[in-house]
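Accompanying notes for the structure given below.
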Amino acid sequence: MRPVAAPKTTHKPGPQKQRGRLTVVTALDADDVRERSIASFRRRTQRLKGHASNEPKEKLIREVTIPEAITIQELANRMSERAVDVIRLLMKQGAMYKITDVIDADTAQLIAEELGHTVKRVAASDVEEGLFDVVDDSTDTEPRSPVVTVMGHVDHGKTSLLDALRHANVVSGEAGGITQHIGAYQVLSPESGTKITFIDTPGHAAFTAMRARGAKVTDIVVLVVAADDGVMPQTVEAINHAKAARVPIIVAINKIDKPDARPERVRTELLQHEVQVESLGGEVVDVEVSAKNKTNLDRLLEMIALQAELLDLKTNSQRPAEGTVIEAKLDRGRGPVATVLVQRGTLRVGDIIVAGAEMGRVRALISDQGENLDEAGPSVPVEVLGFNGPPEAGDRLAVVENEARARQVTSYRAHQKRENAAASISGMRGSLEQMMSQLKTAGRKEFPLIVKADVQGSLEAILGSLEKLGTEEVAARILHAGVGGISESDVTLAEGFNAAIIGFSVRANKEAAAAAKRNGIEIRYYNIIYDLVDDIKKAMSGLLAPTLRETMLGNAQILEVFNISKVGKVAGCRVTDGTVERGANVRLIRDNVVVHEGKLSTLKRFKDEVKEVVAGQECGMAFENYGDMRVGDVIECYRVETIQRSL
């Protein structure tokens, strides 16, 4: 049986299957016509543009600002060139550099000019331009309070006078009854109702720099002289500071309530220093006052107001503030605190400020009465909180427009400070004079110290005093000096150098005190500067080599030399002058030449050992470890005394 044939089917050709890559898009949109991809389109445009890209681009010519030193990377960025091209140029000149290397301004200029750019050279110090002493363009200048500095000798009553004017009592809190800090206060004049800013300066000899700083920021100097004591060394120094600063002087003759007060003597003594008071036909105003009995204080304030009126003090309070840091300290609770006297403009909370190598944003302004202020105008003393670190006393403060500018200024100043410090350490090469002084100090004994003080001014005074103590033989070596409490790192440093730590009006924290006790490091605390200086002086005196002094006792002449068994040679002598003592040092002199120096081993009169023999008597002598004695030799007897020296 034949198999059944399969039914015939007519095959209709279906739609042409799309060749190509199966992607999510093609799978989902199977019906859509496939479009050209973006990547393909980009490749096409790239191909068409290919010839054009080979054409040289138009070169950018720039004015390049070049400082004293610049990195290759920074120079390339400023010229809009590749750093590789800059390095290639330097290699052609035979120098190998990396991209981060620093080149000097001359090299940078050569490269920039070779690449076709113009150059503008600037000094690093240009960052400080326009920071201070910008002329007030405003015509609406208004009167400001006078700044008065109170100066004079120690214990002449400067702070007491200020206390009487302010109705305060600062004196009671002073260590040892002497001012060791600089203070700034505002007083309201009862007559005119105007404010007067007073700056109190220390009178102790060590605080010269503080007094100079006080005279520099002031308009008027009040020279306080005690009527019972007269003109003293620091009074003369204060007069010189005032003359150097070219400011008028008002003489306050204090302590007139004392029975031995002689104001006329003070006036006469001032004449020797070219200060001629009005009563003696001069121009300097003098007021007799008593801080204790509050006598004539109104007259003193009246004279200050009158002098200020003559000076016609005006300023523009609307400009950014400028001022001077009078004192700076590190407060444990508040951080770095600077006492600032605003001289021009107005200082406000939130301002970005620069002082020396420190910058910051004003967090708070505190008046001399302890009140919080939003702003401080010209001639107002305020405590400023917000610095990154304590600035140095005497630094000028300025408000800058932004943090970048502040950072630029402070980094330049910090760099300058580091360079100066490095130069002072290593820079004893150079002139012949310096080489000689280096030779002098080469054999010097050093007394290592770490000094911590409460404020910058005190630290400056301590370091100055310690430097003066140094001689060619011994000197204090300050390993570290800073403001603030004694920390553990100070103790570690002291341990490394076996140094003593000095705290002036500061204390060591708990960890530092424990570490010091554990390592046997001595921490000495002081509140009064002359105690500190005296103690260091005594300690440094101990490093001085003692002086040896010879005292002549007498001479003896050898008449006969005996050879005694078991003893050796013994000289029979007659003492010609003075006395001869057993155990004393002796010299044997033959024909005016010293042939032996040593000690007497025996001294006998007849058969007895004696302690001493006086002139005219005869005795027997034997030397220790020496026997070459001859008739006619002279024996000189002397004693050596060791005398401890002091600075």
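The values are calculated or read from the model by the stated rules, or taken from the named source; none is laboratory data. This one's a predicted model, so the numbers in the text were calculated from it and none came from an experiment. Please note: Cβ atoms are built from the backbone with ideal geometry, for glycine as well, and neighbour counts cover all protein chains shown. Remember, those area values only see protein heavy atoms, side chains included, never the ligands or the DNA or RNA. Shrake-Rupley method; radii C 1.70, N 1.55, O 1.52, S 1.80 Å.
The set of residues in region 328-360 being closer than 30 Å to R507 by Cβ, out of contact with any Leu (no Cβ under 9 Å at 6 or more places or on another chain) and either open to solvent by 10 Å² or more (accessible area, probe 1.4 Å) or assigned to a loop (DSSP other than H, G, I, E, B) (or both) consists of K329, L330, R332, G333, T339, A357, E358, M359. A414 satisfies every condition listed in (1) part of a helix (DSSP H, G or I); (2) at pLDDT 85 or above except (2). Take the residues of region 549-575 that are assigned to a loop (DSSP other than H, G, I, E, B) and without any contact (Cβ under 8 Å) to a residue 12 or more places away in the chain: which is least open to solvent (accessible area, probe 1.4 Å)? Per the criteria, the residue is S565.
Look at K517 and say whether it is open to solvent by 70 Å² or more (accessible area, probe 1.4 Å) and farther than 30 Å from G333 by Cα. So K517 fails the test. Number of residues in region 123-153 that are modelled with pLDDT of 70 or more, farther than 23 Å from L301 by Cβ and open to solvent by 40 Å² or more (accessible area, probe 1.4 Å): the value is 1. I111 meets each of the listed conditions (1) closer than 30 Å to S411 by Cα; (2) surrounded by 16 or more Cβ atoms within 10 Å (Cβ to Cβ); (3) at pLDDT below 80 apart from (3). Whether any residue in region 537-548 is open to solvent by less than 70 Å² (accessible area, probe 1.4 Å) and at pLDDT 85 or above is what I want to check. Looking for residues that are open to solvent by less than 70 Å² (accessible area, probe 1.4 Å) and at pLDDT 85 or above, one finds none in region 537-548, hence no.
Residues in region 583-622 that are buried (at least 18 other Cβ atoms within 10 Å of the Cβ) and not in a strand (DSSP E or B): 1 in all. Evaluated against (1) more than 30 Å from V154 (Cα to Cα); (2) in contact (Cβ under 8 Å) with a residue 60 or more places away in the chain; (3) of a type outside the set (D, E, K, R), Q456 falls short on exactly one condition, (1).
Filter region 602-618 for residues that are touching a Cys at 6+ places or on another chain (Cβ under 8 Å) and of a type in the set (A, V, I, L, M, F, W, C) and give the result. Correct list: L603, V610, V613.
For region 297-311, residues that are in contact with a strand residue (DSSP E or B) (Cβ under 8 Å, 6 or more places away or on another chain) and touching a residue at least 40 places away in the same chain (Cβ under 8 Å) total 8.
In region 361-382, what residues are surrounded by 22 or more Cβ atoms within 10 Å (Cβ to Cβ) and in a strand (DSSP E or B)? Hits for region 361-382 are V362, L365, A376, P381, V382.
Note on region 269-290: residues that are assigned to a strand (DSSP E or B) and either touching a Phe, Trp or Tyr at 6+ places or on another chain (Cβ under 8 Å) or open to solvent by 10 Å² or more (accessible area, probe 1.4 Å) (or both) total 4. Tell me which residues, restricted to region 380-396, are modelled with pLDDT under 85 and among the small types (G, A, S). Matches in region 380-396: A393, G394. Candidates are the residues of region 49-86 that are assigned to a loop (DSSP other than H, G, I, E, B) and at pLDDT below 75; the one that is least open to solvent (accessible area, probe 1.4 Å) is K59.
For region 453-475, the tally of residues that are under 16 Å from D535 (Cα atoms), at pLDDT below 85 and buried (at least 22 other Cβ atoms within 10 Å of the Cβ) stands at 1.
Residues in region 293-315 that are open to solvent by 10 Å² or more (accessible area, probe 1.4 Å) and within 23 Å of L397 (Cα to Cα): L313, K314.
Within region 454-512, the set of residues being assigned to a helix (DSSP H, G or I) and among the aliphatic types (A, V, I, L, M) comprises L459, A461, I462, L463, L466, L469, V491, L493, A494, A512. Looking across region 520-534 at every residue that is touching a residue at least 24 places away in the same chain (Cβ under 8 Å) and not in a helix (DSSP H, G or I), the one that is most open to solvent (accessible area, probe 1.4 Å) is identified as R524.
Taking region 501-511 as the range and being in contact (Cβ under 8 Å) with a residue 24 or more places away in the chain and either among the hydroxyl-bearing types (S, T, Y) or in contact with a strand residue (DSSP E or B) (Cβ under 6 Å, 6 or more places away or on another chain) (or both) as the test, the residues that pass are I501, I502, G503, F504, S505, V506. Looking at V236, V221, which one is modelled with pLDDT of 85 or more and closer than 30 Å to I353 by Cα? The match here is V221. Taking the criterion of being under 18 Å from L559 (Cα atoms) and β-branched (V, I, T), the residues of region 595-637 that qualify are V595, T602, V613, V614, V631, V634, I635.
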